Structures are given as C-alpha cells and as structure tokens.
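See below for the structure under consideration.
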Amino acid sequence: MKAAEDFGPWLARQLRNARKSQTDLADELGMTRAAVSAWIVGRSVPRDETIRRIAEVLGTDLETIHTRSTDAQAGLPVSWYHRPAHADGGREYGNAAAFAFEADVSVLAREATQNSLDARLDPAEPVRVRYTLHELTGEALARFLEAIDWERLVPHYEALTGEGGRQGKVSRTISAGLRDMYQHDRLVLLRVDDYNATGLTGGDYDNGLFAAVVRRQLDSHKKDSGAGGSYGLGKATLWGTSRLGLVLINSTLSEPHEGRTERRLIGRLDLPWREVDGQEFAGPAWFGRPDPDARSADVARSWWADEETVEQLHLTRESASPGTSFLIVGAHDVASLVSPVATLDEDASAEDDDSVHRMHARLVEALGRNFWAAMTGGGDHKPHLEASVRTCRNGEVLIAEERVDPTVTQPSRTRALRAFLEGDTVDRLTAPGQVARATVQLNVPLHGGQVRGGVPHDAVLLVTHAEDADGRPNRLVSMRGNRMTVRDSPVTNVPVGTNPFQAVLLTGRAAGRDVPGAEEAEEFLRASEPPEHDKWGQTEELRLVYSPSAYRRIAALTAAANNAVRELVAVPRAKRRSGGEAKIAGRLKLGGTPARKGRPAGTAALPELDNVDALVDEDGAWSVTVDLRVSAGVDTDRPVLPVAKFDVRSGPRPTAPWKDLVAISGCEVVDGALSLVPGARKAVFRGITDVSRHPVRAHLTGLVVELRTGKGEQA
C-alpha cells in the first residue's frame with residue numbers, strides 16, 4: 001500500500017482549499033496558532049481526539065485524514081473556470097499552434113508518441129504507449145457529460161455556434177462536433193496513455209512539465225539535445241484532434257508534488273474569444289479546483305482526485321507506473337470520419353459507427369510507419385518503445401488490444417536494424433536476408449557562423465533486400481537518437497536490374513552513444529528539423545546557431561549516403577560480362593555473343609547480354625535478373641526467347657524451364673518470350689526456374705543463360 005502523504009503538507013492544502021487560515025483552524029479547535037503551525041511544519045502531530053475535531057471542521061471523515069490519499073471534500077468544488085478577456089480589448093480567435101498540423105490521428109500518433117519517447121523515465125526499459133478509442137452512446141454518454149459538468153460549458157459553445165457567433169474555422173469545427181454528438185447520440189473519446197514516463201511534474205505555474213503542457217504555448221521544456229520535439233507545438237495536436245477543443249489529463253508523477261504522485265487531474269478547453277451573458281472571455285478554460293492562493297477566483301489549478309472521480313472521467317490508469325493519460329473529447333480524423341453534415345439515415349449511421357474501426361487501423365499504421373525503429377531491439381539493446389491500440393464501445397471491447405509489431409509493419413528495415421544491434425552485418429549483400437553496413441561521414445559545423453572546420457561524425461548506413469510488406473522499395477529512411485523516422489526519400493540513379501532494397505541511415509545517438517560526434521550531430525540535426533520533424537534542411541534556427549550555409553552539410557550527407565547505397569546494392573564488376581560466354585561467380589554463364597559483322601543473311605540480330613545478377617533462392621530455384629543492351633541493328637519486332645540451362649561437364653546441357661518470367665523495363669513478356677519496346681536501348685527481365693522440373697539440385701551445378709529468337713535460333 002502506498003505511504004500516506006505527510007500530515008503537515010496535506011493539512012496546509014486542505015486549509016487553502018477551504019479558504020481557512022491557520023488562525024481560523026486554531027480558533028475553531030480552541031487551540032493556539034503555534035500548535036497548528038507545528039503540525040504544518042511537521043514538528044508535531046495532533047492527538048486522536050484533535051484529529052476527530054479537525055475532520056469535523058474540514059467536513060470529512062477520519063479515514064480520509066488517516067490515509068491522506070485524497071483531499072477532503074470541503075472547500076471549493078471542482079468546476080470550469082474561464083480566462084477573462086484581455087483588459088486592452090485584444091482578442092484571439094483560436095490557438096494558432098493547433099493549426100500547425102492537420103486534425104489527423106496519424107499526425108496525433110506521431111507527435112504524441114514522440115513526446116512520450118522524449119519523456120522516457122528509465123532509459124533501460126521501453127516507454128509503453130497505449131491508444132484507446134472509446135465510443136460513448138446513450139446512458140454512458142450522459143454519465144460522462146455529467147462528470148465533466150457539461151451544462152456549464154453549453155453557454156460557451158452556444159456563444160460560438162449561435163447566430164451571433166463569429167463563424168471562423170474553430171467555430172465551424174465545434175458546430176460539426178456538437179451536431180454529430182446530438183444527432184447521433186454519440187461521442188468518441190481517444191485516450192493516450194504512457195508508462196515509464198516522467199509524468200507532468202512541477203507546479204501549476206512554475207517552470208516545469210506541467211505548466212509547459214497545460215498552461216503555456218510554444219514551451220517544449222525539453223533540454224536534451226536528443227529529444228524529438230523542440231518547438232512546443234506537438235502538444236497542440238491533442239486539442240486539434242478534439243472537435244470540441246477539450247482534453248482531460250491524469251498524470252502519475254515520477255517526482256512528488258505536494259507530497260503526492262498519483263491522480264493529478266486537470267482539464268483544458270481551447271476556444272476562441274467569446275461573450276457569454278455580457279461577460280467577455282479570452283479563450284482557454286480549465287477544469288479544476290479554484291486556487292486559494294491566486295488573486296482571482298477565475299484561476300483553476302490541478303487537484304488530487306479520488307479513484308471514483310477518475311473512473312467517471314474515463315481516466316483510470318492500469319498501474320502506478322509514472323506517466324500521463326490524455327483524454328481527447330470528441331476525437332475526429334479528417335481522413336476517416338464521415339462528413340459532419342451527413343444526414344441521419346441508415347447508411348450514414350452505419351458508416352459513422354464504423355469510423356472507430358478506421359481510426360483504429362490508421363493509428364496502428366502510423367505507429368508502425370513512424371516508430372518501427374524505436375520498437376526494435378536486438379542483442380543487449382531493448383526497444384525504446386512499446387505501442388498498442390484498442391477500441392471500446394460503452395465499456396465493452398470492440399477491437400481487442402493490438403500491439404504494433406515492427407516485424408510486420410516494416411520487416412526489411414526491422415531486420416536491418418536488429419542485425420546492427422546484434423553485430424550481425426556484412427560488407428556486401430551476397431544472399432537473401434543479409435544486412436550490409438557502411439559508414440557515411442557527417443561533418444557537423446561549429447556554432448557561431450564558422451563556415452570552416454567542424455566535428456566529424458560517422459553515421460551508420462544499413463542496406464538489405466526489400467519485402468512486399470515494406471511498401472515502396474529502394475528507399476532511404478533516416479533518423480537520429482529517439483529512432484523516429486525523420487526522412488523517407490527515394491534513392492535515385494540505382495543501376496538497372498538492381499534487386500529491390502531498403503536502406504536505413506542512423507545518425508547521432510542512433511549510430512551509438514560512443515560514436516565520435518554523436519551529441520554534436522544530435523544538436524545539429526535537431527536544429528535542422530521543421531515543426532513536423534519530417535526532414536532535415538534549412539531552418540531559421542540553423543541559420544542563427546550555425547551559419548546560413550550550414551544546411552549544405554546535410555546535403556553532403558544525403559549525397560554520400562545515396563552513393564554508399566548504390567555502391568552496396570550494385571552488382572560487383574566480377575559479375576559483369578565482358579563478351580562471349582562469361583562465368584558469373586564461378587557458377588553462372590551467359591550464352592550468346594555480341595552481334596558480329598557479316599552475320600548471314602536472314603539471321604536476326606539479337607540484344608547483347610550485358611549483366612546478370614543471380615542467386616539460388618530459399619526454395620532452391622535459380623533467380624536471375626538480366627540486363628540486355630539493344631543496339632540499333634536489333635529488330636525489335638522479333639521476339640527474344642531467354643533460355644536457362646544447367647552447366648554440366650559433358651554432354652548436352654539440360655534445360656531449366658522458367659516458372660516465372662517477368663519484364664522489368666524496356667520489354668514485355670508475351671507467350672513466354674520477350675517483346676522489346678521499340679526505341680529502347682536497354683531491357684531488363686527477371687526469371688525464376690521451376691524447381692519441380694530441375695534434373696539436379698541448383699546448388700550442385702551452374703547455370704547458363706542463352707538468348708534465342710522466337711523461331712528457336714540461338715544468338
């Protein structure tokens with residue numbers, strides 16, 4: 001059982017909540033103020049009889065005083081408190097930070113999970129992030145609205161959405177959210193929980209995480225150079241995802257505040273300027289307990305809630321592990337929800353009911369795409385992150401908790417990173433499943449406008465064969481210390497016939513904390529990222545901290561990385577045919593010779609076999625990718641028939657029939673032969689032999705590839 005809060009701090013807070021002084025309590029108890037002061041500072045504790053009288057004064061019971069796990073119920077109630085309008089008449093018609101991102105659950109997943117990674121408490125263990133979609137209808141919805149004191153909010157919403165309201169973007173969004181809730185009797189909650197995180201530590205107004213998230217704008221409060229966020233904008237996606245501008249928060253602290261760590265609650269409402277009952281309000285409002293130490297009663301502070309209140313607000317956490325739960329009220333996704341003006345008919349209702357299923361799928365996809373590397377471990381290295389998504393309706397599980405698996409969402413890239421963490425990489429790819437590693441240098445510039453010199457940093461480049469589940473092949477994904485995908489770009493000018501691949505560039509701490517220049521690279525690349533943290537390039541911070549030309553170091557890194565990828569995936573020169581029938585890796589031969597002068601009349605000129613990449617796949621079949629050089633004398637109207645044969649020492653070479661013949665570029669496969677594209681000077685095709693028709697196992701012999709005309713003539 002968790003130890004009770006010290007009596008002195010607990011009693012002092014109860015007096016503030018009840019708007020009583022130490023002198024007031026002393027008078028009601030018939031004791032001296034010095035005795036009460038001694039209790040407050042911890043020099044003594046009251047007797048049992050005195051504790052009973054204190055309970056009567058505070059309007060609570062003895063158990064509350066003895067356990068001191070919650071506040072007494074006496075004093076000012078929890079409710080909504082709205083910020084008065086500016087005295088100078090200034091108005092804000094919405095939080096500009098919320099417009100920096102789309103109201104998209106994929107964007108929310110990226111920004112919120114990044115913040116959780118940055119708040120990881122124990123670096124030896126992963127931070128666990130859980131997304132819970134919860135659809136409320138009927139009685140469950142009515143109970144929740146009562147718990148958040150909805151009736152006190154209605155006048156403020158009506159002031160924005162009524163005929164006299166200013167119909168800006170925020171007002172239109174709120175109108176849609178209210179219409180959806182009232183017409184469909186439905187409200188979607190989206191909760192983001194993290195565990196093994198710091199929680200919202202610090203005072204309500206001090207320089208700390210709590211104030212940075214709940215009270216302030218553009219305050220990231222992240223001092224670590226390896227942090228993902230730096231602008232203080234990411235938290236705005238929480239409010240931007242709510243069509244009602246409302247987020248409730250429950251935080252378990254890693255450091256005690258007021259002697260407590262569990263169930264620190266607060267709510268924040270972001271609305272535009274409005275006028276209600278003749279009184280003007282600036283915008284934000286807070287759901288909390290009025291601060292007895294504040295000059296104005298319109299200031300609400302966080303409070304320590306009991307378990308029943310937390311449950312009513314759908315903010316119950318599954319354990320006492322430090323971290324924070326954010327509950328987005330009226331969550332929506334511009335990419336998955338139906339139009340807010342849809343009429344209430346059977347078809348619209350069915351699609352609307354299904355929207356939580358689509359939001360669930362998009363959350364899983366976004367987490368896998370952006371954080372596959374953070375969820376990957378290997379060797380002695382544990383993952384940085386564990387993430388899952390679940391969906392409920394009125395307290396019942398609708399979609400069971402789905403843990404995001406990086407080996408499913410990004411199999412090739414996950415294989416590459418795991419091989420790096422386990423020290424199982426090679427210098428060059430020679431077989432499926434291998435991971436090649438190279439080093440690419442980043443010359444980190446110096447601070448203060450110095451354009452010469454710098455700190456060398458060796459970034460790590462990993463390349464492996466691509467799989468279909470990865471999505472688009474031949475891509476380079478780049479990241480730094482927190483292992484969130486920052487850049488995802490194509491590798492250009494890849495040699496024709498190269499097997500599909502995926503590449504990963506690890507910079508800063510991601511390359512290894514002991515790698516020279518890792519910390520300098522983290523700071524430099526973080527400064528080169530925009531608020532979306534989705535690329536590296538010129539930024540204002542980069543200009544001010546480094547120099548106007550500092551971004552060129554990033555361009556040099558990109559060029560070097562792409563060159564290194566091309567080098568790793570290129571077919572070695574030893575495999576290239578120099579003419580005639582050349583042997584590839586000792587086991588593969590190219591049949592056919594270049595077109596010669598004086599070819600007999602009526603004999604069609606054939607393309608030249610230029611390059612072949614071959615391997616025996618895991619099924620025991622030969623898989624070959626062949627480059628053809630098509631000279632001006634080749635008749636492209638005649639089909640070309642590639643033939644594979646086993647290379648035997650004596651006797652005729654047995655044919656190895658094709659199981660699959662696929663055209664890659666410059667040609668088409670028609671009736672088992674290649675039809676060349678007119679005007680093309682190169683053609684590439686891939687063939688896989690039929691294992692069931694092999695007269696001998698592939699690994700026991702070599703292979704010869706020949707070209708013939710469609711009539712059966714050999715080149």
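The values are calculated or read from the model by the stated rules, or taken from the named source; none is laboratory data. Predicted, not measured: the structure shown is a model, and the values here were computed from it. Neighbour counts run over all protein chains shown; Cβ positions are idealised from the backbone, glycine included. All accessible areas refer to the heavy atoms of the entire protein, side chains included, with ligands and DNA or RNA removed. Shrake-Rupley method; radii C 1.70, N 1.55, O 1.52, S 1.80 Å.
Summary of values
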| read-out | value |
| --- | --- |
| E139 at pLDDT 95 or above, acidic (D, E), assigned to a strand (DSSP E or B) and farther than 29 Å from E92 by Cα | no |
| Residue under evaluation L661, criteria (1) open to solvent by 60 Å² or more (accessible area, probe 1.4 Å); (2) under 21 Å from N611 (Cβ atoms), criterion not met | (1) |
| Filtered residue count, segment 442-474, keeping only those that are part of a strand (DSSP E or B), out of contact with any helix residue (DSSP H, G or I) (no Cβ under 7 Å at 6 or more places or on another chain) and polar (S, T, N, Q) | 0 |
| Complete set of residues in segment 543-559 that are among the hydrophobic types (A, V, I, L, M, F, W, C) and open to solvent by less than 40 Å² (accessible area, probe 1.4 Å) | A550, I554, L557 |
| Members of segment 427-450 found to be open to solvent by 30 Å² or more (accessible area, probe 1.4 Å) and closer than 30 Å to V616 by Cβ, listed by number | D427, R428, L429, T430, A431, P432, G433, Q434, R437 |
| Every residue from segment 20-58 that is under 21 Å from G259 (Cβ atoms) and assigned to a loop (DSSP other than H, G, I, E, B) | K20, S21, G42, R43, S44, V45, P46 |
| Criterion: open to solvent by less than 40 Å² (accessible area, probe 1.4 Å) and touching a Pro at 6+ places or on another chain (Cβ under 9 Å) - qualifying residue of S106, S116, S171 | S171 |
| Selected residue [at pLDDT below 95, crowded, with 18+ Cβ neighbours inside 10 Å and touching an Asp or Glu at 6+ places or on another chain (Cβ under 9 Å)] from T409, T391 | T409 |
| Residue in segment 475-491 that is nearest to T558 (Cα to Cα), counting only those that are touching a helix residue (DSSP H, G or I) at 6+ places or on another chain (Cβ under 7 Å) and either in a loop (DSSP other than H, G, I, E, B) or open to solvent by 20 Å² or more (accessible area, probe 1.4 Å) (or both) | V491 |
| Qualifying residue in segment 115-126 (condition: touching a helix residue (DSSP H, G or I) at 6+ places or on another chain (Cβ under 9 Å) and assigned to a helix (DSSP H, G or I)) | yes |
| Residue within segment 483-494 that is touching a Ser or Thr at 6+ places or on another chain (Cβ under 7 Å), basic (K, R), within 24 Å of R526 (Cβ to Cβ) and touching a residue at least 24 places away in the same chain (Cβ under 8 Å) present | yes |
